[in-house]
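Below you'll find the structure, written out as structure tokens, and then a few comments.
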Amino acid sequence: MAGDGKRGLPPHKTISDIERSRREAAVNYARASVGLEGFSLSEADEAHAQRFMTGEISLQEFVQPRADALALPKSSS
């Protein structure tokens, strides 16, 4: 593990302030669009969006379906 310096953690991706602003605007647009349909983002969705806005994940990773988002809610009956 010589040279990794972070004990196996992936290197932190950095994005420019312009790219961060662009991503934030895109997420805000998506929030508004979802809101117009009468829905809101879950806590998991918000955390995922935050990771995209800060550059931790790419657009491709952001739009990939997540296992927790695909799980159907349990029936209350």
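Values quoted throughout were computed directly from the atomic coordinates according to the rules given, and no laboratory measurement underlies them. Given the structure is predicted, the values throughout are model-derived calculations rather than measurements. All Cβ positions, glycine included, derive from the backbone under ideal geometry; neighbour counts span all protein chains shown.
The table for this structure:
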read-out	value
P(r), alpha carbons of the range 17-62 - 5 Å bins starting at zero, rounded %	5, 24, 29, 25, 12, 4, 0
Sorted peptide list for 25-34, 59-68, criterion being average Cβ within 10 angstrom, highest first	25-34, 59-68
Most positive-pole-ward Cα, Ser42, Gly55, Tyr29, against dipole of the range 17-62 from beta carbon charges	Tyr29
